[in-house]
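Down below is the structure, laid out as structure tokens.
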Amino acid sequence: MRSCRSQFVYAVLFAIGFFASVSSSFAAAPKQLYNKSIVFSWGESGTYKRVSDGKNTNPIGQFQATLYVSGAGRPFLRVTSTSGRYGGTREAGPETSSGGIQFSGNTLTIIRQNLGIARRYLTTFDPSFASCSTTVTIGKIGPNATLTGFDGAEYQIISMEPGAASCSIRDGNALAN
């Protein structure tokens, strides 16, 4: 029960942060990140109940998010996820992603909402912006949050856990490849 309560608290905090970030203006990316790509990778596990038959599943997903900061400082984001034979990709340009991407000094916060799930990537860069470290936090939005699985079925989210996250910085536009 404690785990569900803490996940609910995280979800409420994510929702507040998400809506606050959407309404705020985009903070410019540090010049050291212009024409660079930041690549985040992590895994997630959880328990989900298929709404149609009540069967619990425990998929393990792998995620990769790539943020490219253009020469004009505009953010472009691609998130790819896979679980078993299923997978998907979502992309967002500056017009739709800038509210959920915030730079502050050497810290980057990305908040993304996907149906019943919110994710926060919190990244810290070294002083020269040559390396980074990141953590991913996830939570469900509301006590009866649902999502559509890669298989097209609707699932109620019971629990979710992120795995260890990694971060790297590359020159150029990794989204062009």
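Here is how the numbers come out for the structure above:
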item	result
Residue, surrounded by the most Cβ atoms within 10 Å (Cβ to Cβ), within the stretch 130-146, restricted to residues that are within 15 Å of the chain's Cα centre (by Cα) and assigned to a strand (DSSP E or B)	LYS140
Count - residues of the stretch 16-40 that are under 18 Å from the mean Cα position of the chain (by Cα), modelled with pLDDT of 95 or more and either surrounded by fewer than 19 Cβ atoms within 10 Å (Cβ to Cβ) or charged (D, E, K, R) (or both)	1
Residue identified as surrounded by 12 or more Cβ atoms within 10 Å (Cβ to Cβ) and either more than 15 Å from SER37 (Cα to Cα) or without any contact (Cβ under 8 Å) to a residue 60 or more places away in the chain (or both) among SER104, SER81, SER70, SER52	SER81
ALA165 of a type outside the set (Lys, Arg) and assigned to a strand (DSSP E or B)	yes
Selection within the stretch 111-129 - surrounded by fewer than 17 Cβ atoms within 10 Å (Cβ to Cβ), part of a strand (DSSP E or B) and hydrophobic (A, V, I, L, M, F, W, C)	LEU122
Count of the stretch 31-56 residues which are over 21 Å from GLU161 (Cα atoms), of a type outside the set (S, T, N, Q), touching a Ser or Thr at 6+ places or on another chain (Cβ under 8 Å) and not in a strand (DSSP E or B)	1
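The values are calculated or read from the model by the stated rules, or taken from the named source; none is laboratory data. Keep in mind that this is a model prediction, so the values were computed, not measured. Using ideal geometry, Cβ is built from the backbone for each residue, glycine included, and neighbour counts are taken over all protein chains shown.
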